[in-house]
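Okay, so here's the structure we're looking at.
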Amino acid sequence: MLAQVGRPAPEFELPSTQGATSSKDLGKTLKLKNYRGKWLIFFFYPLDFTFVCPTEILALSDRSDEFKEYDCEIVGCSTDSVFSHWAWINTPREKNGIAGLRFPLVADFTKQTARAYGVLNEESGAAQRGLFIVDPEGVLKYATVTDDNVGRSVEETLRVLQALQTGGLCPAEWKPGKALLEKV
């Protein structure tokens, strides 16, 4: 099943960096169903140790508390191995690393999950920049894919999450506190 807004998000079960304190305890499996009852930002990025990826991953990490205020967890995913993720998490930011990351990364080494979410670049074997918002019932509510050269906006992701949580009709440029549209 391919990811489609308004339908159940494709399930995943992937090894992660969650809770790891060394490379010996890597690989705790994360599943989509672990996030039932919460909102989830599930995003894909091309590869560890690249140029645009750390800017957006760290921007999300630095603002992760704001997402938690909206009962939302964040999980990042690429087709790299969990060992590559671990090395990157333990590389200082000034050396293009993501030290201090505040959410887990999962490893889609088989590429099945990237394929199910429609973001796998079959030629390179890497994921494209895809970001998905899944509601507490596991339904995909938002999907966006950008070119590898363009990082995503944390501000826009937070705004869309807030809009989705209103349950109402949100016009263009809607922000919290602004009026919702009414059906006539």
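Identify all residues within the range 73-96 that are of a type in the set (Phe, Trp, Tyr) and surrounded by fewer than 18 Cβ atoms within 10 Å (Cβ to Cβ); write none if there are none. Selection gives Phe83 alone. Condition first: assigned to a loop (DSSP other than H, G, I, E, B), closer than 20 Å to Ala3 by Cβ, in contact (Cβ under 8 Å) with a residue 24 or more places away in the chain and touching a Gly at 6+ places or on another chain (Cβ under 9 Å). Can you find one or more residues in the range 132-139 that meet it? Yes - at least one qualifying residue is present in the range 132-139.
Throughout, read-outs are computed from the coordinates displayed, never taken from laboratory work. Given the structure is predicted, the values throughout are model-derived calculations rather than measurements. Because the Cβ atoms are built from the backbone with ideal geometry, glycine has one as well, and the counts that use them run over all protein chains shown.
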